[in-house]
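Chemist: Okay, here's the structure, questions in a sec.
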Amino acid sequence: MKQTTQVRPFGMRDKVGYAFGDIANDFTFILSSSFLMKFYTDVMGVPAAVVGIMMMVARFVDAFTDVTMGRIVDTAKVGKHGKFRPWILRGSGLVALMSFLMYASWFQDMSMTFKIIWMFGTYLLWGSVFYTMVNIPYGSMASGITEDPVQRTQLSTYRTVGATVASLAIGTGVPMIVYYTDADGNQVLNGTVFTVLALVFSILAFICYLVCYFNCTERVKIEPQKKDANAPKNNFVKNVVTNRALLALIVAAIFLLLSQLTLSSMANFVFPNFYKNTAAQATASFLGSIVTFAVAPFATPAAKKFGKKEFGTVGCLVAAASMLVCFVIRPTNVWTFVAFWVVAYLGMAMFNMVLWAFLADVIDYGELKNGVREDGTTYSVYSFARKLGQAASSGLSGGLLSLIGYTDATANDPSVISGIFNVTCLVPAIGFAVVALVLIFWYPLSKKVVEENAQKLAARKK
């Protein structure tokens, strides 16, 4: 049951505040997805396969923590400060603290057993516990901020812009600071400097969470579903597995993250090892962010005119084609590679700009289909799927790096660096293509269907 209170109108303050929430999220998430494997392989000396296994194990834990948090959110009553916002305040400091402790370079001379235990413990507490505590309510909060589909698309766009700000800061700034050139001319990661940067990003993440908390307003008060003795028992598992739109979005999310995070994490290998140019890595990240900012003003109008499904599909096809052509051409000039990279980011940005609005449509679809609105549970299942994509990326990247023989000692072997290039191009190309196919042939919420669903829900509330 939903009750709408008379509060200030939805506006720029909400959109900017919501953007800061994802800046905060991604100051720790992107740092982890982009650099954690590089840090633990090159600084701590942990084999890449072990890091990948650790990330995959954590996803099994997330199967419980994400869904549990979603159920907690759905069954919680609306309090004085809202239903979703209080969790941001409760968990933000813990997320920031654990993110910093993951990069404890002062332990690099400890035993391998100690380093692996520390890596597992801090990573699980950061991602599976505290990040979940904040991120599930944060993502669900979009439904509480506004019911308007266009405004939700605006929130999605601003959220993606927020993520891009974090990506720009990390992807552009970090490579310029944490690498140094050794006596043999190789680019080497400085563990101590990286730890200091991790502390800086943790502090910034905490501040950004507070900005989100104090600037977003929950207008739609989503109370827990009232129990009806005569109504059939609500089975959220059944609701999930019979929700075609959610299942399709889950599969798309897994392959999207597989592509996106492989592209970002492999940048730490293809630029320093294959092209011997970390300055180009920073430039590529910067240009990718600029492209994302350029897409932002057009995302909502384009999605409104053509549909979110249609707009996102084109973006994924563009990204897949760019990386596939790059693999075939195999450019020796780093700036040619950067050009392909930027085109891939253009396509990826088209999808990401409307990504979170997809989820709001899926929640509406589930309410129409099952008669129950489960914002928190639906978001938690989707969040878990995204983490599976993150784990698949880390596990696949780590496994493939081990398969091609990558270690700190073989980092500049010709066959190894050739394998690095292959992984960097082929995995994202395949992943983006799969996302496009899922949207075309499985995901049912076209522009026409979304508009019809909005009309049906509006009619129910009269």
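The values are calculated or read from the model by the stated rules, or taken from the named source; none is laboratory data. Since the structure is predicted, the reported quantities are computational estimates derived from the model, not experimental observations. We place every Cβ from the backbone using ideal geometry, glycine too, and count neighbours over all the protein chains shown. Heads up: the accessible areas ignore ligands, DNA and RNA and are worked out on the full protein's heavy atoms, side chains in. Shrake-Rupley method; radii C 1.70, N 1.55, O 1.52, S 1.80 Å.
Chemist: How many percent of all Cα-Cα pairs in the range 311-373 sit more than 15 Å apart?
Modeler: In whole percent, the long-distance tail amounts to 60.
Chemist: Under the 0.36 nm per residue contour assumption, what length would be gained going from the current alpha-carbon distance of THR410 and ILE207 to full extension?
Modeler: 69.0 nm
Chemist: Would you please put 423-430, 111-118 in order of how densely packed they are, using the mean number of other Cβ atoms within 10 angstrom per residue and starting with the highest?
Modeler: The densest-packed peptide leads the list: 423-430, 111-118.
Chemist: Continuing with the same structure: Which Cα, out of ALA253, ILE329, GLY45, lies furthest along the positive dipole direction of the chain (beta carbon charges, K/R +1, D/E -1)?
Modeler: Checking the options against the dipole of the chain, the answer is ALA253.
Chemist: Hey, another quick one. Any idea what % of Cα-Cα pairs in the range 49-205 are farther than 22 Å?
Modeler: More than 22 Å apart: 55 percent of the Cα pairs in the range 49-205.
Chemist: What percentage of all Cα-Cα pairs in the range 7-136 are separated by more than 25 Å?
Modeler: For the range 7-136, the share of Cα pairs beyond 25 Å comes to 34 percent.
Chemist: Same structure, new question: From the convex hull of the Cα coordinates of the range 330-432, what is the mean projected area in square nanometres?
Modeler: Its average projected convex-hull area is 8.5 nm².
Chemist: Let me ask you something else. From the cross-link list LYS276/LYS387; LYS305/LYS448; LYS77/LYS238; LYS304/LYS369, which pairs have alpha carbons spaced over 21 Å apart?
Modeler: Going by Cα-Cα distance, LYS276/LYS387; LYS77/LYS238; LYS304/LYS369 fall outside the 21 Å limit.
Chemist: If each residue of separation counts as 0.36 nm, what is the full-extension length gain between THR68 and VAL200 once their alpha-carbon separation is subtracted?
Modeler: Between THR68 and VAL200, full extension yields an extra 44.4 nm.
Chemist: On to the next question. Given contacts defined as C-alpha pairs under 8 Å and at least six residues apart, what's the relative contact order of the range 354-462, whole-number percent?
Modeler: Answer for the range 354-462 is 32 percent.
Chemist: Continuing with the same structure: Quick one: which residues, 5+ away or cross-chain, put their amide H under 5 Å from the amide H of LYS221? H built at 1.01 Å from N.
Modeler: Close amide H contacts, sequence-distant or interchain: GLN3, THR4, THR5.
Chemist: Can you tell me the Rg and Dmax of the range 55-111, counting just the alpha carbons, in angstroms?
Modeler: Cα radius of gyration and Dmax of the range 55-111 are 16.1, 49 Å respectively.
Chemist: In whole Hz, what ³J(HN,Hα) sequence does the range 57-63 give by Karplus (6.51, -1.76, 1.60; θ = phi - 60°), x for Gly and Pro?
Modeler: 4, 4, 5, 5, 5, 4, 4
Chemist: Additional query: Keeping the other protein chains in place, figure out the carbon and sulfur percent of the accessible area of the range 322-392, with a 1.4 Å probe.
Modeler: 66
Chemist: Label points 7 Å out from Cα along the Cβ direction at PHE298 and VAL328: separation in nm?
Modeler: Placing both labels 7 Å along Cα→Cβ, they lie 2.4 nm apart.
Chemist: I've got another one for you. Work out how much length MET12 to ILE117 would gain on full extension: take 0.36 nm times their residue separation and subtract the Cα-Cα distance, in nm to one decimal.
Modeler: My answer for the length gained is 33.3 nm.
Chemist: Using label points projected 7 Å from each Cα along Cα→Cβ, tell me how many nm separate VAL150 and ASP184, to one decimal.
Modeler: A separation of 6.1 nm, rounded to one decimal place.
Chemist: Separate question: Students often check this: by mean Cβ neighbours within 10 Å, which of 80-92, 158-170, 17-29 ranks highest, and how do the rest follow?
Modeler: Values: 80-92: 19.2, 158-170: 23.8, 17-29: 25.8.
The most tightly packed comes first, giving 17-29, 158-170, 80-92.
Chemist: Any idea how far apart VAL241 and PHE306 come out in nm if each label point goes 7 Å out from Cα toward Cβ?
Modeler: Here the answer is 3.7 nm between the modelled labels.
Chemist: Right, here's the next one. Kindly state, to the nearest 0.05, the FRET efficiency for THR336 paired with LYS80, given R0 = 60 Å and r defined as their beta-carbon distance.
Modeler: On the way: r = 57 Å, r/R0 = 0.95.
With a Förster radius of 60 Å, E is 0.60.
Chemist: Another one. Normalise the Cα radius of gyration of the chain by 2.2 N^0.38 Å (N = residues in it) and let me know the number.
Modeler: Rg over 2.2 N^0.38 Å, computed on Cα atoms: 0.95.
Chemist: Could you compute how much accessible surface SER105 exposes when probed at 1.4 Å, giving the result in Å² to the nearest 10?
Modeler: Accessible surface of SER105 is approximately 10 Å².
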